[in-house]
Structures are given as structure tokens and as C-alpha cells.
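Laboratory data are not the source of any read-out in this text; all were calculated from the coordinates shown. These numbers were taken from a predicted model, which means no experiment stands behind them. Neighbour counts are summed over all protein chains in view; Cβ atoms, including those assigned to glycine, are modelled from backbone coordinates with ideal geometry.
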Amino acid sequence: MNNDDMSTKPTIETVIERMNEWGEQFRSEFAELRSSHIELRGTVEELRKGQEELRKGHSELRTDLNAGLHRVARKIEILNDNILTVQADVRDLVVRMEKLESVPLAPK
């Protein structure tokens, strides 16, 4: 083969075409990645909002639970006071009954 017959122009054009194909392929894949990233960002934002709602609900639940427990504690205190009062009254009645029982019914 003669050097004159050999030309590098088709080879360079082929390389450039390949590089252009790769560039298009990379652009296409990059666009897919970008759209996936945007979609993922939206999903992450929804998750963050859901997490914030859960935190808010947890905080409200904790507040309600603490208030309820405080009410129960107050009721237990009142019940305890009432039981002590009733026990004291019963003790007084027992003492009075013992006094009455010790007094003879008929004079001797």
C-alpha cells in the first residue's frame, strides 16, 4: 500500500464520532441522574416533613401524658387523704364504743 492511499481523516472522524456518542451517552445518563436526584430530594423532603409531624405528635402526646399523670397523682393524694380521714373516724368510733361497752347497763 502506498502512503498516498492511506488517509488518517476517516480514522479521526471515527474517533470524533465515537467521542460524540460517548458525550451524548454521558449527557443522557447525567440527565437521568439529575431527574432521579430531584425525585429523591422531593422524597427526602416529604420524609423530613413526616418526621417533623411525628416529633410534633410525640411532643403533644408527652404533654398530654404528663398532664394525665399529674391528674392521677392528685386524685391519689385526695383518695389517700379521704382514706386517712375515714380511718381516723373509725378509730374514734372504736374508742367511743369501747367506752360505752365498759359502762355497766344496770346500776349495782
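In this Cβ point-charge picture (+1 for Lys and Arg, -1 for Asp and Glu), the range 57-108 has a dipole of about 140 debye about its Cα centre. Taking the inverse of the mean 1/r over every pair of distinct Cα atoms in the chain gives a Kirkwood hydrodynamic radius of 24.2 Å. Taking the chain as a Gaussian network, Cα atoms linked when under 10 Å apart, which of 61, 69, 84 shows the biggest mean-square fluctuation? Between 61, 69, 84, it is 84 that shows the largest mean-square fluctuation.
If only the Cβ of Lys and Arg carry +1 and only the Cβ of Asp and Glu carry -1, the dipole of the chain around its Cα centre is close to 1420 debye. Largest GNM mean-square fluctuation across 78, 12, 38, computed for the chain with C-alpha springs under 10 Å, falls on 12.
Note on the chain: with a GNM built from Cα contacts shorter than 10 Å, the maximum mean-square fluctuation among 60, 13, 24 falls on 13.
Taking the charge dipole of the chain about its Cα centre, with +1 at Lys and Arg Cβ atoms and -1 at Asp and Glu Cβ atoms, the residue from 25, 36, 73 reaching farthest to the positive side is 73.
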